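The values are calculated or read from the model by the stated rules, or taken from the named source; none is laboratory data. Note that the structure is a prediction, hence the values are computed from the model and not measured. So basically every Cβ, Gly included, is an ideal-geometry build from the backbone, and we count neighbours across all protein chains shown.
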Amino acid sequence: MGEKSHLAIALGAVAFGAMGSAHATTISIGGSLDGSAITTEASGPGPSQSAGFSIGSYKVNTASGVDTNPSQAELDSNAIDATTNGSSAVLHVFVTEQGLAELSAAQAFLSSFTSNSLTSGWTVTESTFYSDSNALFAGTLLSSTSFSLAGASSATAAASLTSPFSITEEFTVAANMTAGQANDTIDVSALPEASTWMMMVVGYAGLGYAGFRGRKASISIV
């Protein structure tokens, strides 16, 4: 294998390596009513945790936190499913991943919000937070959006971080005295820096060049 081929493979390895290595995190799920103290319903090591619980007249059939990509700061909170026979109280469901690392001091995060189904008259606010102090169920707001019917939106926001840090997602559900259901999803993922994208582009280009050189050499031998 030629020197250029070795260089291309090395660049490709750097590009993939720039995405980070596995990290040990803790995922916790909590709930509260009308802004009262948060009760931890589940907590344990990643990559996933889930819980079902009742609080007031609300029943949270499913609340879960999943880190689908251990090489990046990414928290996918699978759809919460909350029901009630009618309540004037406001339900808060939190999902926090603590112990995140391997990011630069300044990092951008993409927050994707989805209201999969929502009873008419209900409102759901979905919010994302980061904590440079690795806090549980707390932090500085990244992005937020409110739904009064099914839909989706996304937003990008920057954060100033050191390791370890945490990401929290919050679902704020108001049934407004109406019986029904809310099914919602929040996804948070770190966006690669420009320098990381450049290394990936160079790495892929190098691998492509190496493949082209290999095919050319085979044709020449024949």
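Residues in region 168-182 include at least one that is in the same structural domain as GLN72 (by TED's automatic domain parsing), among the hydroxyl-bearing types (Ser, Thr, Tyr), closer than 21 Å to ALA101 by Cα and at pLDDT 95 or above. I need the full set of residues from region 90-106 which are crowded, with 18+ Cβ neighbours inside 10 Å and of a type in the set (S, T, N, Q), in order please. Within region 90-106, THR96, GLN98 meet the criteria.
Filtering region 81-100 down to residues that are in a loop (DSSP other than H, G, I, E, B) and in contact with a strand residue (DSSP E or B) (Cβ under 8 Å, 6 or more places away or on another chain), which residue is modelled with the lowest pLDDT?
SER87
Going by what's in this entry, would SER146 be described as over 21 Å from GLY35 (Cα atoms), assigned by TED's automatic domain parsing to the domain that holds ASN69, of a type in the set (Ser, Thr, Tyr) and in a strand (DSSP E or B)? So SER146 fails the test.
The condition of being within 13 Å of GLY31 (Cα to Cα) and either part of a strand (DSSP E or B) or among the aromatic types (Phe, Trp, Tyr) (or both) holds for only one of ASN61, ASN78, ASN116, that being ASN61.
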